[in-house]
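Any read-out appearing in this document is the output of simple, stated calculations on the displayed coordinates, not a laboratory observation. Keep in mind the model is a prediction, meaning the values are calculated, not measured. A quick note on method: Cβ atoms are made from the backbone with ideal geometry, for glycine too, and the neighbour counts reach across all protein chains shown.
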Amino acid sequence: MTSLLIDHIGSLVTNDPGLGEGPLGVIEDAAVVVQDGVVVWAGPRGGTPEGAARDRFDAGGRAVIPGFVDSHAHLVFAGDRAREFEARMSGRPYTAGGIRTTVAATRAATDEGLRRNVRRLVAEALRSGTTTVECKSGYGLTIQDEERGLRLAAEHTPEVTYLGAHVVPPEYAGNPDAYVDLVRGPMLDACAPHARWIDVFCERGAFDGDQTRAILEAGARRGLVPRVHAGQLGPGPGVAVAVELGAASADHVTHLTDADVDALASGSTVATLLPGAEFSTRSPYPDARRLLDAGVTVALAADCNPGSSYTTNIPFCVALAVRDMNMTPAEAVWAATKGGARALRRTDVGHLAPGARADLVLLDAPSYIHLAYRPGVPLVARVWKDGSPQP
Ligand code: NIG
Ligand code: FE
């Protein structure tokens with residue numbers, strides 16, 4: 001039995017309002033006791049329970065928060081698109097078309113090359129405090145390449161998402177419906193055993209509402225839970241389909257009608273905002289306030305991918321959400337932890353109440369507010385995953 005006391009925490013975010021102040025359940029001058037990878041106690045230092053011999057870590061008055069839960073990432077790919085980014089920064093718009101560049105590079109890559117890239121990005125995310133990350137396929141777009149993408153993703157996370165419906169690959173350009181049949185037929189048969197989720201890029205230039213519904217319904221019949229890329233580049237049917245099918249989340253949601261907001265507010269689908277994509281495509285940010293004020297559950301994720309958002313850094317996304325999306329620091333930190341957990345339907349991560357996984361982040365700062373207050377500064381001083389300090 002391994003036991004760890006994290007002591008002398010200046011400010012602890014538990015995300016459990018029953019344990020501390022406000023929606024983040026903040027406890028000042030706190031301690032956490034971890035046993036066998038799980039939080040067994042969190043509270044004010046004075047109340048630390050007597051216990052068996054345990055290691056002690058002195059947080060030195062700094063802040064501790066739950067590990068970030070990044071519920072939207074595309075990490076299985078080869079190559080990069082720096083040139084495309086450069087062209088965009090001199091005025092070219094972002095379109096779904098760039099995805100095909102990465103598809104060609106990914107198909108040509110070896111398993112080992114792809115594996116190395118996923119490992120590199122997961123490690124990079126961990127260094128900035130991400131302890132749970134979702135990972136999509138979507139740059140293979142053949143039965144074999146999608147199945148391979150999911151297998152490689154599953155080496156790193158249980159949150160694996162089948163995104164055969166990312167775009168229609170060039171070989172099906174003249175017959176997109178045949179590609180939809182492949183995605184919801186034999187490709188799904190090969191991919192379903194490796195995935196927990198199914199996703200569709202529902203957007204002009206990718207898949208329309210009927211195609212999205214047909215693909216997600218086929219996935220649901222195979223036990224995969226839907227999530228949807230919706231309203232990234234323009235308004236469309238993505239949110240409506242997501243809510244209709246009880247999707248776990250609708251992601252991007254940059255372009256929303258009032259009906260979309262009402263649908264999200266009345267359903268259980270989480271709205272996952274990805275400000276890294278707006279930053280890197282120089283697009284207007286989603287209206288987080290409109291969603292929060294309507295009572296929608298909001299998550300924040302990095303959307304790491306080589307085209308629209310090549311970052312794994314959640315503190316950066318928190319800073320963007322606060323500065324440019326009118327979220328408060330508390331709302332943004334909640335969205336990047338508990339909100340991400342909601343989007344992945346996980347109750348064991350995203351908070352630090354007893355029973356939660358001991359995924360914690362020590363900040364080189366006295367409070368979580370500094371994540372937005374000190375943008376671009378690497379404040380993540382130490383990360384524990386399942387109670388173990390990470391390299
Ligand atoms: O979430 N929108 C679709 N998929 C990615 C972008 C993929 C790419 O450009 O390679 C996204 O932004
Ligand atoms: Fe995405």
Going by how many other Cβ atoms sit within 10 Å of their own, how do I6, I314, I143 line up, fewest first? I143, I6, I314
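Averaging over all projection directions, find the projected area of the Cα convex hull of segment 83-164 and quote it in nm² with one decimal place.
Working: hull surface 24.6 nm².
It is 6.1 nm².
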Of G219, G246, G51, which has the largest mean-square fluctuation in a 10 Å C-alpha GNM of the chain? G51
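Calculated from DSSP H runs of 4 or more alone, at -39500 (n - 2.57) each and per residue, what is the 222 nm mean residue ellipticity of the chain, nearest 500?
Numbers: 15 runs with 129 residues, N = 391.
Computed mean residue ellipticity for the chain: -9000 deg cm²/dmol.
List V160, V38, V253 from most exposed to least, where exposure is judged by having the fewest other Cβ atoms within 10 Å.
Values: V160 24, V38 15, V253 30.
Fewest to most other Cβ atoms nearby, the residues stand as V38, V160, V253.
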Under a 10 Å cutoff between Cα atoms, tell me which one of M187, M89, M325 has the largest fluctuation in the Gaussian network model of the chain. M89
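Write down the percent of antiparallel bridges among all DSSP beta bridges whose residues are both part of the chain, to the nearest 5. Working shown, then result.
Working: 26 of 57 bridges.
Expressed as a percentage, antiparallel bridges in the chain total about 45.
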Can you compute log10 of I(q)/I(0) for segment 121-181 with the Debye formula, treating each Cα as one identical point scatterer, at q = 0.13, 0.20, 0.29 Å⁻¹? -0.42, -0.75, -1.15
Below 8 Å between Cα atoms, with a sequence gap of 6+, how large is the relative contact order for segment 264-319 in percent? 38
Using only Cα atoms, what Kirkwood radius does the chain have, in angstroms? 21.0
State the extension gain, in nm to one decimal, for the chain segment bounded by R345 and R323, taking 0.36 nm per residue of separation less the distance between their alpha-carbons. 5.1 nm
Please report the relative contact order for the chain, taking Cα pairs under 8 Å with a sequence separation of at least 6, and give it as a percent rounded to a whole number. 20
Can you give me the Rg/Rh ratio for segment 144-223, using Cα atoms for both radii and the Kirkwood formula for Rh? 0.95
